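The values are calculated or read from the model by the stated rules, or taken from the named source; none is laboratory data. This is a predicted model, so every value here is computed, not measured. Every residue, glycine as well, gets a Cβ built from its backbone with ideal geometry; the counts of neighbours run over all protein chains shown.
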Amino acid sequence: MTLGLFDTFPNAAPHREALAPGAVVLRGFVNESEENDLRAIESVVAEAPFRRMVTPGGFRMSVAMTNCGQAGWVTDLTGYRYSPTDPETDRPWPRIPALLADLAVRAAAVAGFPGYAPDSCLINCYEPGTRLSLHQDRNERDFSAPIVSVSLGLPATFLFGGATRSDRPRRVPLDHGDVVVWGGPSRLAFHGVLPLDDGHHRLLGRRRVNLTFRRAL
Ligand code: MD3
Ligand code: FE
């Protein structure tokens, strides 16, 4: 039994929630002492600014994205893929900041995936109204490695579906500091994000930023 001593302190005690086989939510895994480390995201964005990319179907995505790592996820009229360079500049993506990579590696280990070695990190930026429609992440070469997601800023409702698009998704609230590890049988689940509600976050203002670490190559 718990005494509830930590309940009044957000982020004080990280806690683990099994979502599905291979999928674990680590509530409050990013603690306040690590929030300084998040400034590294700003240096990535300074080199490779957020941009709204176009899908193969010709729609501009509402989520603004950038990447760091050896490869970055991109989309244009020709398709989805990982690119070693930023198509806006033809320069390599910035490196993954070491402290952020460490965070993802620690989260993966806690969730039962030791030796995680992400080579790519997609950074998504949501503003109120921004959504991400149901999709699978399948441009990576090796589905045995999990995807680790770090939610920052405004809260969002995550949609966690099944193996087919028609499986009715569950709604999972994700808040600042929550980290989710998606591996094993959950790795290819359909998923998305509902339109972001308006609000204000003390660090990020009217935004939600989500980092997804991947083993792409
Ligand atoms: C479950 N991002 O970048 S993170 C994405 O909040 C993406 O920005 C969402 O979906 C976001 O591709 C969700 C959680 C997530 C990421 C990848 C997954 C969940 C996943 C891959 C397989 C299953
Ligand atoms: Fe995804």
Give the residue that is farthest from Tyr126 (Cα to Cα), with candidates limited to residues of the range 192-217 that are within 17 Å of the chain's Cα centre (by Cα), more than 10 Å from ligand 1 (Cβ to nearest atom) and of a type in the set (D, E, K, R).
Arg215
Neighbours by Cβ (under 9 Å, 6+ apart or cross-chain): first from the range 173-196, farther than 10 Å from Gly162 by Cα and modelled with pLDDT under 95; second near ligand 1 (Cβ under 6 Å from one of its atoms) and charged (D, E, K, R)
none
Single condition Pro21 does not satisfy, out of (1) touching a residue at least 40 places away in the same chain (Cβ under 8 Å); (2) surrounded by 15 or more Cβ atoms within 10 Å (Cβ to Cβ); (3) of a type outside the set (Ser, Thr, Tyr)
(2)
The condition of being part of a loop (DSSP other than H, G, I, E, B), within 16 Å of ligand 2 (Cβ to nearest atom), charged (D, E, K, R) and in contact (Cβ under 8 Å) with a residue 40 or more places away in the chain holds, among Arg81, Arg138, Arg165, only for Arg138
Scan of the range 100-142 for residues that are over 21 Å from Leu188 (Cα atoms) and either over 16 Å from the mean Cα position of the chain (by Cα) or surrounded by 19 or more Cβ atoms within 10 Å (Cβ to Cβ) (or both), ordered by number:
Leu100, Ala101, Leu103, Cys125, Tyr126, Pro128, Gly129, Thr130
Here is a list: Val172, Val180, Val148, Val193. Which entry is within 14 Å of ligand 2 (Cβ to nearest atom), more than 26 Å from Arg81 (Cα to Cα), buried (at least 17 other Cβ atoms within 10 Å of the Cβ) and not polar (S, T, N, Q)?
Val172
Name the residue, out of Val25, Val30, that is in a strand (DSSP E or B) and either in contact with a Gly (Cβ under 6 Å, 6 or more places away or on another chain) or modelled with pLDDT of 95 or more (or both).
Val25
For the structure I just gave you, tell me whether Asp102 is more than 15 Å from ligand 1 (Cβ to nearest atom), touching a Gly at 6+ places or on another chain (Cβ under 6 Å) and not β-branched (Val, Ile, Thr).
no
